[in-house]
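Following: one structure in structure tokens, then a few remarks.
Please treat every number below as a calculation from the coordinates, not as lab data. Keep in mind that what you see is a predicted model, and the values were worked out from it rather than measured. Using ideal geometry, Cβ is built from the backbone for each residue, glycine included, and neighbour counts are taken over all protein chains shown.
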Ligand SMILES: [Zn+2]
């Protein structure tokens, strides 16, 4: 990030000043999200879709950009050269497309990808690449994340759940990319975000839960971990991330049963399985009692470890298994892994929550079922962390 040293002073100042301006008013909270972050960009074309934008270098206006007029941003010798159809506007270290109250939409094309975004756009060069940042209101961002993370066709109550999880995650992790001159990226490292959501059911759910977040018993924003399917029982946080949490406790979850991710099976050659145990975990294959336990392993309830205290989360990673909640069945030349659930198992089970919404449960009751001792409340900006948090990792997966 050598080339943007000056930006590190400028951008955080400009935007964090807005964040701290008011308590409990989600309209006053803006986020800086790095967009198109999975692509090495050299050029992008931005086109306003709702009125004019100001084209600024930092806070100084260079020109205006009228609705439906494309502006080309092109990396040129560690600066961005900007060009309207009428001609070049010069080269700058940063370009800021500003609109009063960030109330606008723009279209962005980079390579073959096209997306639309709410809010404003900032561009600067890092190394050889163009870095694009979307300055967007918390509510518009939440709507985009729910669309990208949950997809279409869900019950309104499920979208409300995802709205609270997304909003809570964004604020709790607002300093995750602080040293990189933005707050969150648009990939699963933070939360998936592909721009503006147009799906009405999601817009309604975000509006219905406007500004609501999930707080733990200590009144701090919670780490709203979720996964695809619990397999019938969720995990304690400490069994997966070695970090206990009063609200991320194991619960019996019959709602996840009879859902698509409830069961899985995988066959592995017995030689490969045992060789791996010996090589990686120094498993005593000569000990017949332990060998028998390893080949006939059962989890009536979730366990954190396999035979010989081998962490199940490591075996899951080694063999790319859907979950740690599996039995081992000896089948002669092979072993059969009979598994339950999909994902790490901590916090909310998405498929369990979907089942609960179909049964008529209210979104707050569903959140309280999966997260213990929580409180649902409006945002208080004083709760936004003052420094980056290190654990636990991203909520999903
Ligand atoms: Zn990230």
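Each residue in 233, 38, 334 was given a count of other beta-carbon atoms within 10 angstrom of its own, and listing them fewest first yields 38, 334, 233. Note on residue 76 and residue 386: the extension gain reaches 108.0 nm, defined as 0.36 nm multiplied by sequence separation minus the Cα-Cα distance. Working from Cα pairs under 8 Å separated by at least six residues, relative contact order for the chain is 18 percent. Running a GNM on the chain with Cα contacts under 10 Å, which residue among 180, 120, 333 ends up with the highest mean-square fluctuation? Of 180, 120, 333, the Gaussian network model singles out 333 as fluctuating most.
The shape of the chain can be summarised by an equivalent ellipsoid whose semi-axes, obtained from the alpha carbon gyration tensor, come to 45, 25, 18 Å from longest to shortest.
The mean sequence separation of alpha-carbon pairs under 8 Å and at least six residues apart, normalised by the residue count of segment 146-237, gives a relative contact order of 35 percent.
For the chain, the longest principal axis of the C-alpha atoms and the axis of helix 138-150 are separated by about 40°. Normalising the Debye intensity of segment 298-342 to I(0), with uniform scatterers on Cα atoms only, and taking log10 at q = 0.24, 0.27 Å⁻¹ returns -0.89, -1.08.
Measuring nothing but how far apart in sequence close Cα pairs (under 8 Å, 6+ apart) lie, relative to its length, segment 263-340 scores a relative contact order of 41 percent.
From most to least packed by mean Cβ count within 10 Å, the peptides 206-217, 299-310 give 206-217, 299-310. Seen through its C-alpha gyration tensor, with square-root eigenvalues sorted a ≥ b ≥ c, segment 263-340 comes out rounded because a/c lies under 1.5. Against the empirical curve 2.2 N^0.38 Å, the C-alpha radius of gyration of segment 216-357 lands at a ratio of 1.12.
The ranking of 46, 251, 188, 146 from fewest to most other beta carbons within 10 Å of each one's beta carbon is 188, 251, 46, 146. Stretching the chain fully between residue 292 and residue 266 yields a gain of 7.4 nm (0.36 nm per residue, less the alpha carbon separation). Take the Cβ-Cβ distance between residue 52 and residue 320 as r, set R0 to 35 Å, and report the resulting FRET efficiency rounded to the nearest 0.05. After rounding, the FRET efficiency stands at 0.10. Averaging Cα coordinates gives a centre for segment 105-137 and one for segment 194-258; these two points are 29 Å apart. Sticking with the crude label model, points 7 Å out along Cα→Cβ, report the distance from residue 238 to residue 45 in nm, one decimal please. About 5.8 nm separates the two model spin labels. Seen against the Cα atoms of the chain and their longest principal axis, helix 156-172 is set at about 70 degrees. Could you identify which residue out of 91, 223, 237 has the top mean-square fluctuation in a GNM of the chain using Cα springs shorter than 10 Å? Comparing 91, 223, 237 in the GNM, the peak value goes to 91.
Tell me, in nm to one decimal, what length is gained between residue 333 and residue 63 on full extension, where the rule is 0.36 nm per residue of separation less the Cα-Cα distance? Full extension from residue 333 to residue 63 adds 90.0 nm. Here each label is just a point 7 Å from Cα along the line to Cβ, and for residue 362 and residue 280 those points are 4.6 nm apart.
Over the chain, dividing the summed -39,500 (n - 2.57) contributions of all DSSP H runs of at least 4 residues by the number of residues returns a 222 nm mean residue ellipticity of -7500 deg cm²/dmol. Helix 270-281 against the longest principal axis of the chain: what's the angle in degrees, Cα atoms only, rounded to the nearest 10? It is inclined by approximately 70 degrees.
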